[in-house]
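Below is one structure, written out as structure tokens, with a few remarks after it.
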Amino acid sequence: MKYYLIVGEASGDLHASNLMRALKMQDAQAEFRFFGGDLMQEVGGTLVKHYKDLAYMGFIPVLLHLRTIFKNMHYCKMDILEWKPDVVVLVDYPGFNLKIAEFVKKNTDIPVYYYISPKIWAWKEYRIKNIKRDVDELFSILPFEVDFFKSHQYPIHYVGNPCVDAVDAYVKNHSESFDDFVTSNSLPAKPIIALLAGSRKQEIKDNLPNMLEATKPYLNEYQLVLAGAPGIDPEYYQQYIGNEIPVKIVFGKTYSLLAQAKVALVTSGTATLETALFRVPQVVCYYIAMGKLISFLRRHILKVKYISLVNLVAGKEVVRELVADTMTVENVRSELNALLNDSDYRNNMLGEYDRMIKILGPAGASHQAASKMIELLSIKKEK
């Protein structure tokens, strides 16, 4: 069958690539065409647009690139019509993907599947109307979403979490020691503070400077290693790193870095969950302009208590979230001190990680999702 996939960021590229591998194992005739990234290209198929050409975040950047966004959206719509896939598989990225779902539903009889659902339980709950109208099947990777969508009379499929798959596969296939890691990356033999500053330029600009400043008291004993995001040039990072603080940037080695890190400073998103799966103590750092306003909106508008996936899955605060006006150098430094020097605090966090991992369930999300998709498509073809 022919699968048209659309992702808009690095985490989507990872999870879509694993889904594609699983689809190929179960569908020998699988053909892929996609808006995606390097990992999807490695699996095979035709890359139509790279996600780095799509990833704009924040009101001003989106406004400045509206023409490009609409141009890409139109191109995507026409490409789907021309290629005539058996299914369109949308991966997260709701601002773009829900518009594509609406178009496909209105203009074709191609089924629309959503893998990694829009987080409407956090905000924009009104989007449930669009999802129920335009999305034929939704495949969830977060266990608490099942009850949320059920409350809206929209049954979904929980397939497990692909981060569990990705980390499980990495651990099984890699035996790199700390000495191996520091040697291969020309690093000193000092314990590592990992910096995961996001996959978008705006996130890096907003968060990396404060992250670096917060680590200054610990630089004699520890070294900083920054996980470089796909599609971001080293020069972009360098303008925020400067020459005062020594930082090593490693690209394409986030899991290798997490496997060896003592602690991590992490922006919100999939990276918080991956860090927990590697059992690395962390603090979530996410600066947003107009912090006091955002904090007010978070308390009074957002539907959930937490922003990190670790806390959302656990249903409680497992990791400290320093968001908006609480994301200050002093707060990050204080939390970093606790993670490095308070063994009871560290051990409690690791114990809560283990509880959360049990909630997520075993590895196999990509294969479960692929199997269910093929089953549903086969039923549709038989009708």
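Could you count how many residues in region 274-309 are modelled with pLDDT under 60 and part of a helix (DSSP H, G or I)?
Qualifying residue count, region 274-309: 10.
Can you give me the ranges of the strands (runs of 3 or more DSSP E) entirely in region 1-55 with at least 3 residues that are more than 18 Å from residue 230 (Cβ to Cβ)?
Details: elements: 2-6, 31-36, 46-50.
In region 1-55, the matching strands (runs of 3 or more DSSP E) lie at 2-6, 31-36.
Out of 323, 332, report the one residue that is aliphatic (A, V, I, L, M) and at pLDDT 95 or above.
Working: 323 fails: at pLDDT 95 or above.
Answer to the check: 332.
Examine region 53-69 for a residue that is polar (S, T, N, Q), surrounded by 21 or more Cβ atoms within 10 Å (Cβ to Cβ), at pLDDT below 95 and not assigned by TED's automatic domain parsing to the domain that holds residue 201, and state whether such a residue exists. Walk me through how you get there before you give the answer.
Here is the first cut: in region 53-69, the residues polar (S, T, N, Q) are 68.
If we keep only those that are surrounded by 21 or more Cβ atoms within 10 Å (Cβ to Cβ) too, we end up with none.
No, region 53-69 has no match at all.
Among the residues of region 80-95, write down those that are surrounded by fewer than 20 Cβ atoms within 10 Å (Cβ to Cβ) and either small (Gly, Ala, Ser) or touching a strand residue (DSSP E or B) at 6+ places or on another chain (Cβ under 7 Å) (or both).
Going residue by residue through region 80-95, those that are surrounded by fewer than 20 Cβ atoms within 10 Å (Cβ to Cβ) are 81-84, 86, 95.
83, 86, 95 - these are the residues of region 80-95 that are surrounded by fewer than 20 Cβ atoms within 10 Å (Cβ to Cβ) and either small (Gly, Ala, Ser) or touching a strand residue (DSSP E or B) at 6+ places or on another chain (Cβ under 7 Å) (or both).
The values are calculated or read from the model by the stated rules, or taken from the named source; none is laboratory data. Only a predicted model underlies this, so the values are computations on that prediction, with no experimental measurement involved. Methodologically, a virtual Cβ is constructed for each residue, glycine included, from the backbone with ideal geometry; neighbour enumeration extends over all protein chains shown.
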